[in-house]
Amino acid sequence: MRRVLCNSRKMIWSLLAQAPVSLAYYKSSPSIYKTKPSTPLNRFSSGFLAPISTPAIRVFCSKPGKVGSMASSVLNQGSISYLTQREAAEVDETLMGPLGFSVDQLMELAGLSVATSIAEVYKPSEYNRVLAICGPGNNGGDGLVAARHLYHFGYKPFVCYPKRTQKPLYSGLVTQLESLSIPFLSVDELPVDLSKDFDILVDAMFGFSFHGAPRPPFDELIQKLINLHNYEQVQQKSPVIVSVDIPSGWHVEEGDVGGEGIKPDMLVSLTAPKLCAKKFSGPHHFLGGRFVPPTIAEKYKLCLPQYPGTSMCVRIGKPPQIDISALRENYISPEFREEQVEVDPLDQFRKWFDDAVAANLKEPNAMALSTTGKDGKPSSRMVLLKGVDKGGFVWYTNYESQKARELSENPHAALLFYWDGLNRQVRVEGSVQKVSEEESEQYFHSRPRGSQIGAIVSKQSTVVPGRHVLHQQYKELEEKYSKEGLIPKPKHWGGYRLLPNRYEFWQGQTSRLHDRLEYSPQEIDGKLVWKIVRLAP
């Protein structure tokens, strides 16, 4: 089978697990080829997706069963099935014909999956220098594509491509990288200790179609990756190794037989995990690609994880144990200086809010609202900003909720906006008052009818016997108001307006030297002006 399968599976592999398929199988089964017998089989031929155990990931499973003589049948939803070379080949044969993918399409999808998997874990602010070591086949092509995407993601990639394939597809990939001024390094130009010059090493030398012992110069390159474990003992930080499809040099089904092979930190499986992936013990296992139709999954009784949102990759298994005390982000942002800010803090807020909207951040109007009742105990929750002007910041809620009770006892509150994608936050503090009944009425009827009914159903912060009660009440009200044009606003629902008396604008910076500019009101010559001061981070 052609690269089509190779890349197809690669993408899916990145989600579940990975295991190589040997070229020997394809040579022994020429009937499965749709192209010339000399064309390398796709790497995905090594298998399809299996169920994943992460609770955050939904799984699409066909009915339990076996694919022909499949030795490794799909396991329970809490585990992953691993496929043999022959099982993978059977799936590949089906994919190759009717799906109509081309080799370059699948290679593009595979490389993109690898790049997005890397970006999920290793941020360019911490792991910037990437060396992609690419072999002469499809696996190497995936590495070349990944390098291009990583460049556009903000990384600084380098490529070692010692045995170039003179086919138009691969020549085009090289030209694309050269047009971006991405350096190509020969084996001789690489340092003895790769940890000195690189943060991430992408192992894209051999995929599941490889068999036998690696030949020069790849035996030397593989040894360089193995040696990193020795360097790791004498230095604080070692570069991470990301293997594409399978770790180069591993046996397709038996894995690292001698226990002395590459030990990658991340494995990006494509199409489905192969048996060797069972031996992977690194902290990050991803599966990439999202092109397998349900008909194929049903035919081969496969369990496939659903990709979150628009992601090209999904994590397999549980994330690694994290040392919370070691979690930190080294923010990289433009400097935020006093001479750059608006005189009026409301104008500065609008400017930053517009930036958050333009950056397509999710719910840029989400804000943490903190209140305190007469008992002095603070409480916080997320609400949505629904209006801001010279009068203040407006949101809407149930007047019988906990926050409403606390505001009736202490009409002062604090708001916090956090825009992670921009390394910014804004704090606003002030007194709070209810908006007019007319304003609440107008906003209530601007909401979707479902939200209006939901506001009536929810006696916010009160105990509910079960979710079924809410659904039943909602259904009854939906039927009740189905013939009525206007749904009446409940008396216990309306808006609040916070009147600011303090703003703080925070911009994350490197080495924790964050910018913090505070606005506070000051009366000068009978006029109210805003005083701007810088606070220590």
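What FRET efficiency, computed as 1/(1 + (r/R0)^6) with R0 = 56 Å and r the Cβ-Cβ distance, is obtained for Asp375 and Glu126, rounded to the nearest 0.05?
Working from the Cβ atoms, E equals 0.80.
Quick check: the distance between the Cα centres of the stretch 261-333 and the stretch 154-233, to the nearest angstrom?
Here the answer is 22 Å between Cα centres.
Based on the Cβ-Cβ distance from Glu220 to Ala326, what FRET efficiency comes out when R0 is 51 Å, to the nearest 0.05?
0.90
Once you have the Cα-Cα distance between Glu254 and Ala368, take 0.36 nm times their residue separation minus that, and quote the gain in nm to one decimal.
Value of the extension gain: 35.9 nm.
Taking 41 Å as R0, compute the FRET efficiency from the Cβ-Cβ separation of Asp197 and Asp355 and round it to 0.05.
The formula returns an efficiency of 0.70 here.
Per residue, how much accessible surface does the stretch 72-212 expose to a 1.4 Å probe? Answer in Å², no decimals.
Roughly 39 Å² per residue, with all protein chains present.
So for the pair Val529, Ser333, with labels modelled 7 Å out along Cα→Cβ, what separation do we get in nm?
2.7 nm
Looking at this model, which pairs from Lys318/Lys362; Lys403/Lys459; Lys434/Lys491; Lys390/Lys531; Lys167/Lys263; Lys351/Lys390 are more than 20 angstrom apart at the alpha-carbon?
The answer is Lys318/Lys362; Lys167/Lys263.
Between rounded, prolate and oblate, where does the stretch 272-379 land on the alpha carbon gyration tensor, with a ≥ b ≥ c its root eigenvalues, rounded for a/c under 1.5, else prolate if a/b exceeds b/c?
It is prolate, given that a/c is not under 1.5 and a/b is the larger ratio.
Ordering His514, His251 by how much accessible area each has at a 1.4 Å probe, largest first, what is the list?
Order by accessible area, largest first: His251, His514.
Hey, any idea what % of the stretch 160-292's accessible area is carbon plus sulfur with a 1.4 Å probe?
Exposed carbon and sulfur together represent 48 percent of the surface.
Would the stretch 303-342 count as rounded, prolate or oblate if I go by the C-alpha gyration tensor, calling it rounded below 1.5 in a/c and otherwise prolate when a/b exceeds b/c, oblate otherwise?
Oblate shape, in that a/c is at least 1.5 and b/c is the bigger or equal ratio.
Among 216-227, 415-426, 461-472, how do they line up from the highest to the lowest mean number of other beta-carbon atoms within 10 Å?
415-426, 216-227, 461-472
Express in nm, to one decimal, how much length is gained between His471 and His445 on full extension, taking 0.36 nm for each residue of separation and deducting their alpha carbon distance.
Full extension from His471 to His445 adds 7.2 nm.
Please give the contour-minus-distance gain from Glu479 to Glu400: 0.36 nm per residue of separation, less the Cα-Cα distance, rounded to one decimal in nm.
Going from the current span to full extension adds 25.9 nm.
Under a Cβ-only charge scheme (Lys and Arg +1, Asp and Glu -1), can you give me the dipole magnitude of the stretch 335-471 about the Cα centre, in debye to the nearest 20?
Result for the stretch 335-471 is approximately 760 debye, rounded to the nearest 20.
Given +1 on the Cβ of Lys and Arg, -1 on the Cβ of Asp and Glu, and no further charges, what dipole in debye does the stretch 239-355 carry about its Cα centre, rounded to the nearest 20?
Here the stretch 239-355 has a charge dipole of around 980 debye.
If you bin the C-alpha pair distances of the stretch 183-335 every 5 Å from 0, what whole percents do you get?
Taking every Cα pair in the stretch 183-335, the percentages come to 2, 7, 14, 18, 18, 16, 11, 8, 4, 2, 0, 0.
The values are calculated or read from the model by the stated rules, or taken from the named source; none is laboratory data. Please read these numbers as outputs of a predicted model, since none were measured by experiment. Positions of Cβ are backbone-derived with ideal geometry, glycine not excepted, and every protein chain shown enters the neighbour counts. Only protein heavy atoms, including side chains, enter the accessible area calculation; ligands, DNA and RNA are left aside. Shrake-Rupley method; radii C 1.70, N 1.55, O 1.52, S 1.80 Å.
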